[in-house]
Amino acid sequence: MYLHTKLLNFNKEIKVAFIGCGKFISMFLAQYNQLKKIKIDSIIELDLDKAKKNCSNSGLSEQKINQINFTSSLENTFNREIDIYIEATGNPIVGTVHAIKIIKNKKHIILVNVEADVTCGKYLSDLANENGVICSMAYGDQPSLILEQIEWSRLNGFEVVCAGKGTKYHPDFEYSTPETVWGHYGLSKERAEKESGMNPKMFNSFLCGDKSAIEMCAVSNAANLKCPENGLTFPPVGVYDIAKKLIPKNKGGLIDFEGQVEVISSIDREKKDIPNDLRWGVYIVIKAGNQYVKNCFKDYGMVTDESGDYSAIWRPYHYIGLELAQSIYSIALDKRATGYTKNYNAEVASIAKKDLKKGEKLDGEGGFCARGRLVTSQTSKKDNLLPLGLTDHAIVNKDIAKDQVITTKDVDLNLPEEVTEARNYQYNLI
């Protein structure tokens, strides 16, 4: 908070490096010319021509682009004076390996790669603490923005009853693939992929529920909130009904517990838009601690449920990579993360999206083969569930029916030692 005021008296340059240069980072690059005291030292990307093109398309001049060190090797940057790395590959296995190397090299890291965070985030946070550096969630992504609201709530003495985000969800979307995704968004393949550079697999993960499960897993682990009993339910709820419906069932609401995560849908089960939806935003529900606070809710026109006990605040939009500088400045000026994994409460389990045959290769989040469901970490360990973050390139060793839960025994994994160590560390915490 008040970072801009601190920045006025900050006399150093903040040198950053990006790993991956896709849509999220392109959005940051579009703000780069307006940002003070941040300097892009390096961009690590397998497709360097694409990275340079994205820089140009985002508004960087040829002169600024020529000042950036472009490389395909993370190791080649450790001898440079880089303050903060931003991991944005979106690959949980690769991202975890990158994060471990960066942390062991005593550098701060921001995980745009929330997939890595929910797969190995507790290990990474603890490793960062041991090495005296910060492993932060990325501001602009919804988990960090939800955590900001939770921090405000708890700091001011409110109990957090529910926290989450909005999205466009329908049960039919759970079986969407990268081939069918753009029709659900009302876009053509040409418009989405060629003109806007949108990744069909990544955007499909938003549609089929994978990203919602991943992001709510991140919030659960960072804020110590519970998972719903049977995974996310995506009730269609408008903003003025959040305080009425995102409260416990025994109070007339829809949620299982006080203190849980949930995602609300912007369309109903007939696929009709609901009024005052929160498709792009985030919310929390808070509870009054006594009658005087309830009176204040009423006196100042705050939205509440019928009892007056529960109120809600929400933010209608998140600005994604356009807001990433907040995390960079927070680390550089305040030595503080914009959210980080504190617990190992939740996991994203893998469910077969179709009938899978022995020998078939899984293809990760947003793909053709599996979808994610939010579960507790205890359930994940007890039932040997395969985390969605480990599905990319896993080989199925038996036939698995559509909609069946996939276990670690159902697949052959060839994981890097670093990921195996991180997963074992987290399992041993349960």
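The values are calculated or read from the model by the stated rules, or taken from the named source; none is laboratory data. Since the structure is predicted, the reported quantities are computational estimates derived from the model, not experimental observations. FYI the Cβ positions are ideal-geometry reconstructions off the backbone, even for glycines, and counts take in every protein chain you see. Areas reflect the complete protein model, heavy atoms only, side chains present, ligands, DNA and RNA absent. Shrake-Rupley method; radii C 1.70, N 1.55, O 1.52, S 1.80 Å.
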What number comes out for accessible area per residue over the range 124-278 if the probe is 1.4 Å? Units Å², please.
41 Å²
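Roughly how many debye, to the nearest 20, is the charge dipole of the chain about its Cα centre, given +1 on each Lys and Arg Cβ, -1 on each Asp and Glu Cβ, and no other charges? Walk me through the numbers before you get to the answer.
On the way: 54 positive and 55 negative charges, 112 e Å.
Roughly 540 debye for the chain.
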In a GNM of the chain with a 10 Å cut-off on Cα contacts, which of Val261, Val118, Val239 has the highest mean-square fluctuation?
Val239
Over the alpha carbons of the range 330-422, what is the largest minus smallest coordinate on each principal axis, giving the biggest first in Å?
52, 24, 24
In debye, nearest 20, what is the charge dipole magnitude of the range 92-245 about its Cα centre with +1 on Lys and Arg Cβ and -1 on Asp and Glu Cβ, if you could check?
300 debye
Can you compute log10 of I(q)/I(0) for the range 64-120 with the Debye formula, treating each Cα as one identical point scatterer, at q = 0.29 Å⁻¹?
-1.26
Hits among aspartates and glutamates - C-alpha to C-alpha of Lys106 under 13 Å, sequence gap 8 or more where chains match
Glu81, Asp83, Glu130
Give the residue from Val118, Ile247, Asn290 lying farthest towards the positive end of the charge dipole for the chain; charges sit on Cβ (+1 for Lys and Arg, -1 for Asp and Glu) and the dipole is referred to the Cα centre.
Asn290
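Computing the accessible area with a 1.4 Å probe over protein heavy atoms, can you report the carbon and sulfur percentage for the range 1-132? Please report the intermediate quantities before stating the final value.
On the way: 2750 of 6140 Å².
Carbon and sulfur: 45 percent of the exposed surface of the range 1-132.
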Above-threshold pairs, the threshold being 29 Å between Cα atoms, out of Lys37/Lys165; Lys15/Lys104; Lys271/Lys358; Lys6/Lys39; Lys165/Lys342:
Lys37/Lys165; Lys271/Lys358
Principal axis lengths of the range 1-52 from Cα atoms, whole Å, largest first?
38, 18, 17
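Just for the chain, what percent of DSSP beta bridges are antiparallel, to the closest 5? Each step should come with its number before you reach the end.
Details: 28 of 59 bridges.
Bridges in the chain that DSSP calls antiparallel: roughly 45 percent.
Note down the Stokes-Einstein diffusion coefficient of the range 141-228 in µm²/s, whole number, using a Kirkwood radius over alpha carbon pairs, 4 °C, and 1.567 mPa s. Could the numbers behind the result be given before it?
Details: Rh = 14.6 Å.
Once the numbers are plugged in, D ends up at 88 µm²/s.
For the range 29-153, what does the equivalent ellipsoid look like in terms of its semi-axes, each the square root of 5 times an eigenvalue of the Cα gyration tensor, given largest first in whole Å?
Values: eigenvalues 125, 68, 38 Å².
Computed over the range 29-153, the values are 25, 18, 14 Å.
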Quick check on the chain: helices-only [θ] at 222 nm, where DSSP H runs of length 4 and up contribute -39,500 (n - 2.57) each and the sum goes over total residues. Nearest 500, please.
-9500 deg cm²/dmol
Computed D for the chain, Stokes-Einstein, Kirkwood radius over alpha-carbon pairs, 20 °C, 1.002 mPa s, to the nearest µm² per second, is 96 µm²/s
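Output the Kirkwood hydrodynamic radius of the range 126-171, Cα pairs only, in Å rounded to one decimal.
Details: mean 1/r = 0.0768 Å⁻¹.
Result for the range 126-171, one decimal place: 13.0 Å.
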For the range 177-287: span of alpha carbons on each principal axis (Å, largest first):
48, 31, 21
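Hey, any idea what % of the range 321-430's accessible area is carbon plus sulfur with a 1.4 Å probe? If you can, show how the numbers build up before the last one.
Working: 2250 of 4740 Å².
Roughly 47 percent, rounded to a whole number.
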